[in-house]
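*Asks:* I'd like to ask you about the structure that follows.
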């Protein structure tokens, strides 16, 4: 279940499914005073160990490395050490945080429609499991705030891509009187289930970033805003 809390007076959302992992999703509230350093300080992370990849709507997955801050053309990073803190930016696209409780490794994937159709989350899971030799049942996943099936009207390219990325898409591709809508959170959840992640290991944020534009940024609702909210993780020692 998702819940709101304060980190150094900053309003963020977390999931009780990942109590073993430092994680949060920021909001647009108090954004003028926000920087990743606020979270880093609360989590005892040196600001020189904050990493943020250059997101390009790819399906490229990389592992974090001590001393490396640049991750070009990367939309998913797997964290393998507790020294670094990772953040990715979002405004309608789907943030997915993955955590292997047995091996204590985590990841954030940026799953917009392109990343989703390229199955960036299963690709990240596959690399995590190969690295840790863990069982898929040890993986816990939280799907953060993103535009919902209520608001995400799409064209044929997106529809066809979604249908090719998942076996069971019937609940995530929604026909309405004015067109077809897609639930990206639902598609990513279904990809996780089809990969073998237990349903009870998945938590989905109820917020649609377009409906709750008062709380989160929405690229669509705000006509291409450049502002973003963040998904952030740091492994615990």
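*Asks:* How would you classify the range 173-230 from its alpha-carbon gyration tensor, with a ≥ b ≥ c the square roots of the eigenvalues: rounded for a/c under 1.5, else prolate if a/b is greater than b/c, otherwise oblate? Spell out each step's value before the answer.
*Replies:* Values: a/c = 2.63, a/b = 1.44, b/c = 1.82.
Judged from the Cα gyration tensor, the range 173-230 comes out oblate (a/c at least 1.5, b/c at or above a/b).
*Asks:* Right, another one. Take every Cα pair under 8 Å in the range 68-202 that's 6+ residues apart, average their separations, divide by the length, and report that relative contact order as a whole percent. Show your work: numbers first, answer last.
*Replies:* On the way: 219 pairs, mean separation 33.6, N = 135.
It rounds to 25 percent for the range 68-202.
*Asks:* Further question on the same structure: Stretched out fully, how many nm does the piece from residue 68 to residue 236 gain, at 0.36 nm a residue minus the Cα gap? Intermediate values should be presented prior to the final figure.
*Replies:* On the way: separation 168, 0.36 × 168 = 60.48 nm, distance 1.94 nm.
Taking residue 68 through residue 236 to full extension adds about 58.5 nm, to one decimal.
*Asks:* Could I ask something else about it? Only one of the values (i) 18.2, 54; (ii) 16.6, 53; (iii) 21.6, 88 was calculated from this structure for Rg and Dmax of the Cα atoms in Å; name its label.
*Replies:* Label of the calculated value: (ii).
*Asks:* Here's a follow-up. Provide the packing ranking of 67-80, 176-189, 110-123, i.e. peptides ordered by the mean count of other C-beta atoms within 10 Å per residue, highest first.
*Replies:* Packing order, densest peptide first, comes out as 110-123, 176-189, 67-80.
*Asks:* On to the next question. What does the convex hull of the Cα atoms of the range 1-82 come to per residue, in Å³, rounded to a whole number?
*Replies:* Numbers: hull volume 10.2 nm³, N = 82.
Expressed per residue, the convex hull around the Cα atoms of the range 1-82 is 124 Å³.
*Asks:* Note down the relative contact order for the chain as a percent, whole number, built from C-alpha pairs under 8 angstrom at least six residues apart.
*Replies:* Numbers: 544 pairs, mean separation 58.4, N = 237.
Averaging sequence separation for qualifying contacts and normalising by length gives 25 percent for the chain.
*Asks:* Let me ask something else. Please state the relative contact order of the range 1-105 as a whole percent: Cα pairs under 8 Å, 6+ residues apart?
*Replies:* On the way: 151 pairs, mean separation 20.5, N = 105.
Reported as a whole number, the value is 20 percent.
*Asks:* Follow-up question, since we're still on this one. When you count, for each residue, the other Cβ atoms within 10 Å and take the mean per peptide, how do 11-17, 229-235, 136-142 rank with the highest first? Don't skip to the answer; put the middle values down first.
*Replies:* Values: 11-17: 19.3, 229-235: 23.7, 136-142: 21.1.
Per-residue mean Cβ counts within 10 Å order the peptides as 229-235, 136-142, 11-17.
*Asks:* In whole angstrom, note down how far apart the Cα centers of the range 200-237 and the range 92-123 are.
*Replies:* Spelled out, the Cα-based centre of one part sits 14 Å from the other.
Rule-based calculations on the coordinates, nothing more; no lab input. Because the structure is predicted, anything quoted here is derived from the model rather than measured. With ideal geometry, Cβ positions are generated from the backbone for all residues, glycine too; neighbour counts draw on all protein chains shown.
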